[in-house]
Amino acid sequence: MTGPGLQIDADLLLRLDGVSMQYGRGETAVTALAGVDLQVSRGELVAVMGASGSGKSTLLTVAGGLTPPTAGEVIVEGHWLSQLSARELAVLRRRSLGFVFQDFNLIPSLTALENVSLPLELDGWTSKKAHRPAMDALRVVELGDRAQHYPADLSGGQQQRVAIARAVVGGRSLILADEPTGALDSTTGELVLRMLRSRVDAGAGGILVTHDARHAAWADRIVFLRDGRIVDESRASAVSSLLGGLPR
Amino acid sequence: MSVRQSLLAILNQGPCYGYQLRAEFDRRTGSTWPLNVGQIYNTLDRLERDGLVQKATAEIDSEGGEAHNTVEITDAGRLEVAHWLDSPVVRTTATRDELAIKLAIAVTLPGVDIAHVIQVQRTATFRTLQELTRTKNATDDPESSEQLAWLLVVDSLIFAAEAEARWLDHCENRLARALAAGTAAPLPLSTDVPKRGRPAKARA
């Protein structure tokens, strides 16, 4: 749990230290991220908001080890990504990180159960052994009875819940969600967020990239990106004082 | 006015006295807009004056033996309730909005960093939105009509906060365009002053 001169808290799942990302060089260079510091702990959901081109999606790909930053450090569960070989990075991504995308990214020729099992099987588990935790993950998102269905037989909301199950299967603890409700209607989107929130409350951590204020409000913290920099942060502290008591 | 119509609609279910009406209004609106008893009795006086309610027989409290002055709805009152439920709520004048006034005035003043004003407000608006969402998430699907009514009120506040956040984004974009076009200059005091005004006090 140590790296170059830095001690990491065991509950700290992700830490970005002065992360910058630049595409291109010279006069045509585009700065997507400029010195971003961000931490996500266990049990914490952090929403990232900002206009198109503010760096939201780049932040997610850098945090997920899909692209190395041009400057700064990304630390996932105590591992300095810059210190890992390509193979070690692939293993870390499979074991620690779960991605949820707007368009679900399920494999159409596999059943819901097989889709959720896939990350474990890629990690060397047998199908038989992988099916048990995959089934558990599907039950958590209330799709235990849809395990043998193919993606085409599921609604958009159900497919996204399968994607959430796939993102957390096998105890993976950091969920990186890029506009996960973008293709869903308002009520279904809320159900998917409720699932995501409950996974985080159960001990995972997550980053939720969204342009929708109501969806960002499910997070514990909301950071606002502009031109690749975090310009502000909103942190929920309590239940609302605007309301009276909860009816019994 | 919705309080007047709401109390009348509650009375349409049976005679009530003042404190009872207050409790009924609270439990049907999530205690979000509490009424004081004085407000209730003033409203009942006006409803009686307009022939929409009338005094009923004093009711004896089953526990303390205390008598309550109850009122009951009239036929005209029942028609009024039906009309209220059947009609849209029409806003005839723009509601005085504290935030819209603040930004409108701020944009005309010299030396104000309006982008900062917007950002500070956006953070506060999002905090409200987060807290409302957190409050809502503490409940599962509604198990009673009281909870359903409460959730509708929470949703209304959540959508209002979301609209405010989107409006702030829009203000920011409009401001950027106005700054680029050079049309965001502060507004000096007008030399065309109104003729009428409060006269200065005579010097002693």
Residue list for the stretch B:1-54, restricted to those being aliphatic (A, V, I, L, M), without any contact (Cβ under 8 Å) to a residue 60 or more places away in the chain, assigned to a helix (DSSP H, G or I) and open to solvent by less than 40 Å² (accessible area, probe 1.4 Å): B:VAL3, B:LEU7, B:ILE10, B:LEU21, B:VAL37, B:ILE40, B:LEU44, B:LEU47
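Could you list, in sequence order, all residues of the stretch B:134-148 that are farther than 14 Å from A:LEU191 by Cβ and either in a loop (DSSP other than H, G, I, E, B) or touching a residue at least 24 places away in the same chain (Cβ under 8 Å) (or both)? Working first, answer last.
Kept after step one, since they are farther than 14 Å from A:LEU191 by Cβ, are these residues of the stretch B:134-148: B:134-135, B:138-139, B:142-148.
Within the stretch B:134-148, B:ALA138, B:THR139, B:PRO142, B:GLU143, B:SER144, B:GLU146 meet the criteria.
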Condition broken by A:ALA163, with the remaining ones in (1) in contact with a strand residue (DSSP E or B) (Cβ under 9 Å, 6 or more places away or on another chain); (2) modelled with pLDDT under 90; (3) among the small types (Gly, Ala, Ser); (4) not in a strand (DSSP E or B) satisfied: (2)
Conditions (1) open to solvent by 50 Å² or more (accessible area, probe 1.4 Å); (2) in contact with a strand residue (DSSP E or B) (Cβ under 7 Å, 6 or more places away or on another chain): number failed by B:VAL107: (2)
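From the list B:ALA176, B:ALA149, B:ALA138, pick out the single residue that is touching a Lys or Arg at 6+ places or on another chain (Cβ under 6 Å) and either under 27 Å from A:ASP212 (Cβ atoms) or at pLDDT below 90 (or both).
Numbers: B:ALA176 fails: touching a Lys or Arg at 6+ places or on another chain (Cβ under 6 Å); B:ALA138 fails: touching a Lys or Arg at 6+ places or on another chain (Cβ under 6 Å).
Exactly one of B:ALA176, B:ALA149, B:ALA138 is touching a Lys or Arg at 6+ places or on another chain (Cβ under 6 Å) and either under 27 Å from A:ASP212 (Cβ atoms) or at pLDDT below 90 (or both), namely B:ALA149.
Do the conditions hold for A:LEU113, that is, is it assigned to a helix (DSSP H, G or I), under 20 Å from A:ARG199 (Cβ atoms), among the aliphatic types (A, V, I, L, M) and touching a Gly at 6+ places or on another chain (Cβ under 7 Å)? Show your work before the answer.
Values: assigned to a helix (DSSP H, G or I): yes; under 20 Å from A:ARG199 (Cβ atoms): yes; among the aliphatic types (A, V, I, L, M): yes; touching a Gly at 6+ places or on another chain (Cβ under 7 Å): no.
No: the conditions fail for A:LEU113.
To keep it simple, each residue is scored yes or no on (1) open to solvent by 40 Å² or more (accessible area, probe 1.4 Å); (2) in contact (Cβ under 8 Å) with a residue 60 or more places away in the chain; (3) in contact with a helix residue (DSSP H, G or I) (Cβ under 6 Å, 6 or more places away or on another chain); (4) part of a helix (DSSP H, G or I).
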| site | (1), (2), (3), (4) |
| --- | --- |
| A:SER82 | yes, no, no, yes |
| A:ARG87 | yes, no, no, yes |
| A:ARG95 | yes, yes, no, yes |
| A:ASN105 | yes, no, no, no |
B:GLY77 touching a residue at least 40 places away in the same chain (Cβ under 8 Å) and of a type outside the set (Val, Ile, Thr): yes
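For the stretch A:179-238, which strands (runs of 3 or more DSSP E) that fit wholly inside it have 2 or more residues that are at the interface with chain B (Cβ under 9 Å from one of its Cβ atoms) and either farther than 18 Å from A:VAL141 by Cα or touching a helix residue (DSSP H, G or I) at 6+ places or on another chain (Cβ under 7 Å) (or both)?
A:221-226, A:229-235
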Matching residues in the stretch B:179-204 - criterion: being at pLDDT below 85 and closer than 30 Å to A:ASP212 by Cα: B:ALA184
Residue count, the stretch B:110-133 (criterion: within 7 Å of chain A (Cβ to nearest Cβ), buried (at least 19 other Cβ atoms within 10 Å of the Cβ) and not β-branched (Val, Ile, Thr)): 6
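The values are calculated or read from the model by the stated rules, or taken from the named source; none is laboratory data. Just so we're clear, the structure is a prediction, and the values are computed from it rather than from any experiment. Here Cβ is always computed from backbone atoms with ideal geometry, including for glycine, and neighbour counts include all displayed protein chains. These area figures cover heavy atoms from the full protein model, side chains too; ligands, DNA and RNA do not enter into them. Shrake-Rupley method; radii C 1.70, N 1.55, O 1.52, S 1.80 Å.
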